[in-house]
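The values are calculated or read from the model by the stated rules, or taken from the named source; none is laboratory data. This one's a predicted model, so the numbers in the text were calculated from it and none came from an experiment. All Cβ positions, glycine included, derive from the backbone under ideal geometry; neighbour counts span all protein chains shown.
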Amino acid sequence: MAFDRYSRHARWFALPMILALSGLLRSTAATGQAGSPAVAPHTLPRIPPRIVDAVDESKLVSLSGQTHPLAAAKYDEGAVSDSLSLEHMFLQLRRSPELDAALERSIAERENPQSGSYHQWLTADEIGADFGPAQQDIETVVTWLSSHGLRVNAVSRNGMTIDVSGTAGQVRDAFHTQIHQYNVEGKRHIANAGDPQIPAALAPTVVGFVGLHNFMPRSALAKPVRNFSFPCNGCPSGLDDVPQYDEAPADLATIYNVTPLYHAKVPITGKGQTVVVLEDTDVNPVDVATFRKAFGLSSYSGTFTQIHPGAGCIDPGVNGAEGEAALDAEWAGGVAPDAAVQLASCADTQTNFGALIAAQNLLDSPNPPPIMSLSYLQCEADIGPGGNAYINSLWQQAAGEGVSVFVAAGDGAAAGCDDANTATYAISGVAANGLASTPYNVATGGTDFLDTFAGTNSTYWTSTNSATGKSAISYVPEIPWNDSCGSNALYIYFGYSSGLSFCNSSLGANFLNVTGGSGAPSAIYPKPWWQNNVVGVPNDGRRDLPDVSLFASNGFWGHAILFCMSDTAEGGSPCDYNNDTDTLNNSAGGTSFTAPQFASIQALINQKVGGPQGNPDSIFYKLAKAEFGSSYHPDQHGLWACNEIQTSGISASCIFHDVTLGNNVVPCYGTNNCYDPSAGLYGLLSTSDLSLLQAYFAAAGWDFTSGLGSLNVTNLVNSWP
C-alpha cells in the first residue's frame, strides 16, 4: 500500500522507536487440602525413580545460573515483605537423558514419511506416561514443597512442570534465596537475589524455577518514529520525499506468490484450519474486523475469537501489549483468510508470562491447536537454566502432539540480549532469543526490501492502491533488515567505506541502534539433525537461527507493515488508511509480524495436505537441500536461480528466495563480541574481540541474517510431502 509519508519541505527519515494455571493440567488438587494434593499416577510405572536418597535439608546444592542478570546490587532496593504472595511459580523437572533421547527419536519418527509412526501424534498424557519423570520422583518433590508450606496447584500432563504458589517467606525458607525489589531505569521489578538451593537428593530431577522474577519477555514489535530529521550536508537525496510503500495482505500475497493458491481449482485459503496467537492481553475485536474489511479479507469465512484457556487462566483484559496482540491476530488470518484465528491470553503473574501459561494449558488439553504463534523475545542468558528447560519441554511437547510452533527470532540483530527498543549499541555480545532457539519450533526472521537502496521503487510498486490496498507488482528483492550504522547497505548509501568509520562519524551517530532481524547460534542446544547438510549452515554444532524469513522492516527504507490498533489509551490510532497520519501510526515492523504470517502460511499447508504437521523445520530444510544442495559451488544452478539479486529475475520454480546481499551487523561497545580497533570508539559486533569477524553477513544458502531466505508460498505448499 502506497502513501506519501515525507514532508516536501524537510528531510525526514524513518528510524525505529527506539499463572493462574489451567484445570487442564494434570490435577493435583483432588483432595482439596493444601499441601497434600493427589498426583495422578503414570499409566506405565516402568520409569525408574532418579531420587534415591532421603531428602536431607542439611545437604544443599545451588541451582546455578538462576539469578536474573538485572537482579544486580546497583538496582537493589531491598527484600520484599515475607507475606508477598507469589502465585503460580513453575518448578521445572527433568527426565533422564535416556528418556529425553527416546522422546526425541519418537518425535523424529512421527515427522518421517517413511516411518510407520508418521503423523501418529502423541497426547500430553502419553508423553508424561512414557517419557516423563518417574511418578515416585514427582511425589517426592511435591511432598518436599508441601513440607515448607508451599501450595502445589498442578503438575503438567507431560510431568515436567509443577505449578506452586506461596509467599516470599516460604520461598526463602524452602529455597534459601530472598526475593528483592529492583528499580531498573525507573521500572520496579521483583527477583530472587541469589541462586536458589535445594536438597542434593532432589537434584537428579529438579532443574529449577522457570522464573522467580517478573522480568518478562519483550514484544517483537518495532514501531517507526515519525518526523525524525537529521543534518546531512551532501547526503544522497534518494530518501527525500520517497513515498511509503507499506505491506498490506494483498501485497504479501503478490510478493511471496500466495495468490495462485486462492484461485486454484480447490482454493487453498486456510479453510477448516485454526491458528492460535499466544498473548498476555486481550484486544478490541473491532480492530480485527476493521483490518479485514479494509484489506478485502472480510469476504472470506475466517473468524476471530478470544479465549482464556484453562479454568485457572485469568483474563488479562486490555493492557500495554495490545498493539502486539492486534497485529498477531490480524496477520494470523492475513495469509489464510478462511482460517479461524484464536487469541489465547492469560494474565501475567509475579513470576510467569501469561502467553506461556496459555500455551501450556492448550497443549495439555485433549485437542491442542494445530498451529501456534508467539511474537516475544528473551535471550537465553536472561531466561536461565530453568526457563530454557521449560521452553524446550513446552515446544517439544507441541512437536510430539503435531503442533506447529512459530516464534519470532527477534529484533536485535545478532545482539539478542540487548533491547532493540532502547539500546544504542550492543554490550552483551552475540545471543539468540531463547523463546525461539529450541529444536522444536520454527524461528522466523526478518528482511527488508532492496528497491529504495537501488532506486527502483517504480519497478515493484504502483503509485496507487487497489481496492484491497495492493500496490506491489511482483516479488521485491530483499536484504537483511538492519536499521543501524553497521549496515553495509546504509554506509555504502551514504558513501562510507566501512561500518566502523560510519558508526564513528557525526552522520552515523544518527544510526546508533541494534535494530534488525535477529540471527545467532544457540548457546544451549546442539544442532538438530534436520539442520545439517544444507549450503551455508555452519559446522558449529549449534542450533542456528533463524530458519526462514519474510519482510519485517519498520519503515527504514520506506517500507513497513500495516495493522490496526485504535485504542488510544494504549497508544493506538484510528485505522483510517485514507489518512496518511493514521496509516503511519498503524504501520510497524519486527519479526512480530513474521511469526503469525508463517503460522498463517502453515494453515494453507495443513489444508492442502489434510492435517497437522508438527514441527515444519524438517521439511523446510529438506526442501532447501533439494533446492540449494549440500555444498556451495559458484556455478551451482539452484543457488543462482533462486538468488534474489540476479538481474534476470528469480526462477519461477524456487521455493526459497536466497538473500545474499547485506548484513545484520550492529555497533557495539566494550569487550563482549565487540571488535574495536581504537579504544573509546564504537566497534562492530564480531565473533572475535581481536579481529573483525562481523556478525553477520548474508551469503549463499542459509545464513544468520535470514536463514533459508523468504518464500514462494505456492511452490512451498505444492511441494509439501
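Just need a number here: residues in segment 650-701 that are under 21 Å from ILE479 (Cα atoms) and among the charged types (D, E, K, R). Summing the residues that are under 21 Å from ILE479 (Cα atoms) and among the charged types (D, E, K, R) in segment 650-701 gives 1. Is there a residue being of a type in the set (Lys, Arg), in contact with a Ser or Thr (Cβ under 8 Å, 6 or more places away or on another chain) and either surrounded by 22 or more Cβ atoms within 10 Å (Cβ to Cβ) or modelled with pLDDT of 95 or more (or both) anywhere in segment 536-552? Looking for residues that are of a type in the set (Lys, Arg), in contact with a Ser or Thr (Cβ under 8 Å, 6 or more places away or on another chain) and either surrounded by 22 or more Cβ atoms within 10 Å (Cβ to Cβ) or modelled with pLDDT of 95 or more (or both), one finds at least one in segment 536-552, hence yes. Pairs meeting the criteria (first residue in segment 567-581 and under 21 Å from ASN465 (Cα atoms), second residue part of a loop (DSSP other than H, G, I, E, B), beta carbons under 6 Å, at least 6 apart or on different chains) are PRO574/SER566; CYS575/CYS564; CYS575/SER566; CYS575/ASN586. Where residues in segment 479-500 are of a type in the set (Phe, Trp, Tyr) and not in a loop (DSSP other than H, G, I, E, B), which of them is farthest from LEU685 (Cα to Cα)? For segment 479-500, the residue satisfying everything is TYR493.
Report whether or not ASP411 is in contact with a Gly (Cβ under 8 Å, 6 or more places away or on another chain) and crowded, with 24+ Cβ neighbours inside 10 Å. Against the criterion (in contact with a Gly (Cβ under 8 Å, 6 or more places away or on another chain) and crowded, with 24+ Cβ neighbours inside 10 Å), ASP411 qualifies.
Of the numbered criteria (1) at pLDDT below 95; (2) acidic (Asp, Glu); (3) closer than 22 Å to THR468 by Cβ, the one ASP240 fails is (3). ALA509 falls short of the stated requirement of being touching a Gly at 6+ places or on another chain (Cβ under 7 Å) and assigned by TED's automatic domain parsing to the domain that holds PHE304. One residue stands out in segment 348-371 among those that are under 18 Å from VAL164 (Cβ atoms) and hydrophobic (A, V, I, L, M, F, W, C): the one that is surrounded by the most Cβ atoms within 10 Å (Cβ to Cβ), namely ILE357.
Results for (1) at pLDDT 95 or above; (2) under 26 Å from the mean Cα position of the chain (by Cα); (3) over 20 Å from ALA174 (Cα atoms); (4) assigned to a loop (DSSP other than H, G, I, E, B), shown as yes or no for each residue.
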residue	(1), (2), (3), (4)
ALA20	no, yes, yes, yes
VAL39	no, no, yes, yes
LEU44	no, no, yes, yes
LYS74	yes, no, yes, no
LEU99	yes, no, yes, no
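Put simply, of LEU343, LEU327 the only residue that is in a strand (DSSP E or B) and either buried (at least 23 other Cβ atoms within 10 Å of the Cβ) or modelled with pLDDT under 95 (or both) is LEU343. Of all positions in segment 568-580, at least one carries a residue that is among the hydroxyl-bearing types (Ser, Thr, Tyr), surrounded by fewer than 21 Cβ atoms within 10 Å (Cβ to Cβ) and not assigned by TED's automatic domain parsing to the domain that holds ASN112. Taking the conditions exactly as written (modelled with pLDDT of 95 or more and either farther than 15 Å from VAL666 by Cβ or outside any strand (DSSP E or B) (or both)), does ASP448 satisfy them or not? So ASP448 fails the test.
The set of residues in segment 665-699 that are buried (at least 20 other Cβ atoms within 10 Å of the Cβ), out of contact with any Cys (no Cβ under 7 Å at 6 or more places or on another chain) and not aromatic (Phe, Trp, Tyr) comprises VAL665, VAL666, ASN673, ASP676, GLN694, ALA695, ALA698. Restricting attention to segment 419-468, the residues that are charged (D, E, K, R) and under 18 Å from TYR525 (Cβ atoms) add up to 0.
Yes or no, residue by residue, for (1) in contact with a helix residue (DSSP H, G or I) (Cβ under 6 Å, 6 or more places away or on another chain); (2) part of a helix (DSSP H, G or I):
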| site | (1), (2) |
| --- | --- |
| ALA336 | yes, no |
| THR349 | no, no |
| ALA355 | no, yes |
| ASN361 | no, yes |
| SER365 | no, no |
| ILE391 | no, yes |
| TRP395 | no, yes |
| PHE406 | yes, no |
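If you go through segment 76-97 and pick out every residue that is among the charged types (D, E, K, R), surrounded by 14 or more Cβ atoms within 10 Å (Cβ to Cβ) and modelled with pLDDT of 95 or more, you end up with 4.
Within segment 505-516, identify whether any single residue is more than 23 Å from ASP676 (Cβ to Cβ) and either of a type outside the set (S, T, N, Q) or buried (at least 18 other Cβ atoms within 10 Å of the Cβ) (or both), and answer yes or no. Checking segment 505-516: not a single residue is more than 23 Å from ASP676 (Cβ to Cβ) and either of a type outside the set (S, T, N, Q) or buried (at least 18 other Cβ atoms within 10 Å of the Cβ) (or both).
One residue alone among ILE479, ILE473, ILE492 is in contact with a strand residue (DSSP E or B) (Cβ under 7 Å, 6 or more places away or on another chain), surrounded by fewer than 18 Cβ atoms within 10 Å (Cβ to Cβ) and assigned by TED's automatic domain parsing to the domain that holds ILE371, and that residue is ILE473. When residues in segment 567-594 are screened for being under 17 Å from VAL288 (Cα atoms) and not hydroxyl-bearing (Ser, Thr, Tyr), 12 of them pass. Kindly indicate whether PRO521 is in contact with a Pro (Cβ under 8 Å, 6 or more places away or on another chain) and crowded, with 23+ Cβ neighbours inside 10 Å. For PRO521, the condition - in contact with a Pro (Cβ under 8 Å, 6 or more places away or on another chain) and crowded, with 23+ Cβ neighbours inside 10 Å - is met.
Find the residue count for segment 297-326, including only residues that are more than 23 Å from the chain's Cα centre (by Cα) and farther than 28 Å from VAL164 by Cβ. Selection size over segment 297-326: 7. Residue count for segment 155-174, restricted to those that are buried (at least 24 other Cβ atoms within 10 Å of the Cβ) and at negative phi: 10. Does ASP251 satisfy the condition of being modelled with pLDDT of 95 or more, within 28 Å of the chain's Cα centre (by Cα), crowded, with 23+ Cβ neighbours inside 10 Å and of a type in the set (Asp, Glu)? Judged against the criteria, ASP251 is a match. Taken as a whole, the condition of being closer than 23 Å to GLY334 by Cβ and either within 17 Å of the chain's Cα centre (by Cα) or at pLDDT below 95 (or both) applies to GLY555.
Checking each residue of segment 286-296 against the condition of being modelled with pLDDT of 95 or more and part of a loop (DSSP other than H, G, I, E, B) gives at least one match.
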